[in-house]
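Notes to accompany the following structure.
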Amino acid sequence: MGIIVEHAARSFGDVHAVRDATFIARPGEVTALVGPNGSGKTTLLLMLASLLAPDTGRILIEGRDPMTDPLGVRAVTGWMPDILGSWGTLTARETLTLTGRLYGMPNAAAQSRAAELLGLVDLDELADRPTKVLSRGQKQRLSLARALVHDPRVLLLDEPASGLDPAARVHLRTMLRGFADEGRTILVSSHILSELEEMADTAVFMDAGTTVSDERVAAAKSSERAWRYTTVDGRTETVMIAGGEPDAAAVLAGLIRDGVQVVTFAPAVGDLEHTFLDLEAGR
Amino acid sequence: MTTTFEPQTEQHWSPPQRASWWAGVWTIASIELRQRVRGVAAYVLLGVFAFILLLVTIGAALAVGAWADGSEGAGGAVYAIVMVVTLLLATLVSPALSGNAINGDREEGTLATTQVTLITATQLVLGKVLAAWITTLAFAVVAVPFILYTVILGGLSPSTLVVSFLIIVIEMGVIAAAGVGLSGILRKPLMSVVVTYLIVAALSIGTLIAFAIVGASVRSHYTYVSESADWARVDRDERAGLDPYQADRVPKPEYCTEVYSYESDVPRFDTVWWVLAANPYVILSDAVPTTYDRYGSPNDVFGFIKLGIRQAQITPQLEEHYSDCDPNRYESSEPRNIIETTVPSWFVGLALHIAGAGLLVWGAITRVRAPARRLGAGQRIA
């Protein structure tokens, strides 16, 4: 179950947006989809959301193929696009109620679901204002709520954190963590790697339309990276350490032995960012 | 905040049944309608429309003297004018209301979020056609008081009212469907609106121009032969006690001695009359049942338009012969005969319109269907 993608490819004319995507996203986990601009993340998500047909390869969402059973896939998948479209003159509440209706819910169920979701994404106070007056971050939250209307088992989120203020980001993170803990499959793409770092259980790296193999990711992870420590007197120092965490531990032990009063000691950039930058550099 | 989600064992809803298929269409339509109803523009347009109809009604009534005493039948003219203006304004407004239904959503980023729901492409497109149709029908509804007033003024038959109103309603649906269809086929809203207008113009005016140009350029040779009686001899013989007449004081053939003839070319509108069948106003006039006065002339304006169209079907006589000595010399076909002996074409035109609109709608459905295999150049999905 979850998401299984095998050698999916899609081109637009002579632009190969996705060349070869292969990965698994498991239920109960938040899977990060990481890659530079133009690496094919959005195209991949469009294929997963049953909007775009892959030229070759196979996609299974909860065991269903979007090519042969698009409605089956849509019934279990919530998709939050990277662009924020909304029915401008409709209110947030109407938007969610009507989306529920589009998923075949009876009117009463759609209304109570809309009320529930407005609370969840903290839009209660703006529920009866037309969506065109919402700010970017508020539209983002409405977009997330819309993806959740039919209580999907699989969530595809394209840049869900962009436009959110720090409090809303923390909220989003908690929410997604909660969804994963309920056994849902969450696939999140984002440029804000530190953000993903804190909530993702695993990551899929994409580069030039291709998912990066586990070996390459492992190699990138263990390459030389910067560690940063601060001392009691407020000094911040950066050291380059080549051999991964055991070596870092040895360096820290050495510092303490030398009488340096270390209060924090951590990688200068997160795992995802380090891997991402290293893959970028290795191209 | 903790989530209030329930585990995945049960769903809030059951999968859509066949019975709810139209409910899905209606949901799409109501989303469209809600967005339009909240815009001020629609109400302003309706107000302007009502005002124009008021002016037209008053103006037409004054022009034909419908309020004067003993002006029976003049109300029918007012009625026809109001109907034609209603159709005209509806065809002018409808493309603007329907021509961006789908590609406008694409640009706003609301099409894809609808496509990922359990709504099918067919439901989506039909819902938008329905909404566009209903919006255009608002104009027909605004016209109802004027139409009823002119019906009463003209003392028209219910069948005239029902048929003409039905045709207008169907024509509005055709334009709404064509606009929505084109908005699904063409990428740019501006293009689809313009193309919809071009189609309306081609049918309303283009057919007339094609009819006139082709009809006038296809010409046949025409000969006219006229025999005049020698009236001086007729008078002389009558005075002399001879009887120069056949019945009804028509001279006997031997008195017709002055033969005059001329030749020319006549336009052959009978070769292109069918072009007019696609004209919405022709469809309207041709479909309305005609009532006749005691001279066999149509009672209303639709009838006269119908007469004109039907006359175009008749192959002109390429040799005409007139003689003062022919007892039947003044006999001509009365209008009623012409209408009753020629072919009604409105259902052909209407069928063509419906088929064309259906084709465009089908084209839109195939393009809205997801997962999409083929995308137009520069087309975005979301």
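Where a number appears in this text, it was derived from the coordinates with a stated rule and is not lab data. Quantities reported herein were computed from a predicted structural model and do not represent experimental measurements. Cβ placement follows ideal geometry from the backbone for every residue including glycine, while neighbour counts extend to all protein chains displayed.
Assorted remarks:
- GNM result for chain B, Cα springs below 10 Å: residue of B:Gly181, B:Gly173, B:Gly39 fluctuating most strongly: B:Gly39
- Modelled FRET efficiency - R0 30 Å, B:Ala96 with A:Asp165, Cβ distances, 0.05 increments: 0.15
- Computed per residue of the protein assembly as shown from DSSP H runs no shorter than four, each worth -39500 (n - 2.57), the mean residue ellipticity at 222 nm is -16000 deg cm²/dmol.
- With the simple spin-label model, which puts each label point 7 Å out from Cα in the Cβ direction, the B:Ser159 to A:Ile83 separation comes to 5.5 nm.
- Order of A:His274, A:His7, B:His221 - criterion: other Cβ atoms within 10 Å of each residue's Cβ, fewest first: B:His221, A:His7, A:His274
- Three-way shape call for the stretch B:220-341 based on the alpha-carbon gyration tensor, with the a/c threshold at 1.5: oblate
- Efficiency of FRET from Cβ geometry, B:Ile205 and A:Ile24, R₀ 56 Å, rounded to 0.05: 0.35
- Estimated inter-spin distance, B:Asn328 and A:Ala115, nm [label 7 Å along Cα→Cβ]: 8.5
- Amide H partners (placed H, <5 Å) of B:Ala372, local residues excluded: A:Leu52, A:Ala53
- Chain A: C-alpha gyration tensor shape, a/c 1.5 cut-off, then a/b vs b/c: oblate
- Counting beta carbons within 10 Å around each of B:Val214, A:Val5 and listing the fewest first gives the order B:Val214, A:Val5.
- Seen through its C-alpha gyration tensor, with square-root eigenvalues sorted a ≥ b ≥ c, the protein assembly as shown comes out prolate because a/c lies at 1.5 or above while a/b is bigger than b/c.
- Estimated translational D of the stretch B:166-300 in µm²/s (Stokes, Kirkwood radius over Cα pairs; 20 °C; 1.002 mPa s): 104
- Sites A:Gln261 and A:Ala219 - FRET efficiency at Förster radius 45 Å, r taken between beta-carbons, to 0.05: 0.80
- Selection from A:Gly100, B:Leu62, B:Trp362, by position along the positive dipole direction of the protein assembly as shown (Cβ): A:Gly100
- Among B:Asp265, A:Asp20, sorting on how many other beta-carbon atoms sit within 10 Å of each Cβ, with the fewest leading, yields B:Asp265, A:Asp20.
- Only Lys, Arg, Asp and Glu carry charge here, each on its Cβ (+1 for the first two, -1 for the last two); on that basis the protein assembly as shown has a dipole of about 1160 debye about its Cα centre.
- Working from label points 7 Å from Cα in the Cα-to-Cβ sense, the B:Glu320 to B:Trp231 distance is 2.1 nm.
- Computed over the stretch B:291-348, relative contact order equals 46 percent, with contacts defined as Cα pairs under 8 Å that lie 6+ residues apart.
- Remark: relative contact order (chain B) = 21 percent; criterion is Cα-Cα distance under 8 angstrom and separation of 6 or more residues.
- The stretch A:3-212: relative contact order as a whole-number percent, Cα under 8 Å and 6+ apart: 34
- Only one residue of A:Ser143, A:Ala242, B:Ser157 has its Cα farthest out toward the positive end of the dipole of the protein assembly as shown, where Lys and Arg carry +1 and Asp and Glu -1 on Cβ, and that residue is A:Ala242.
- Taking Lys and Arg as +1 and Asp and Glu as -1, the other residues whose beta-carbon sits under 14 Å from that of B:Thr315 total 0.
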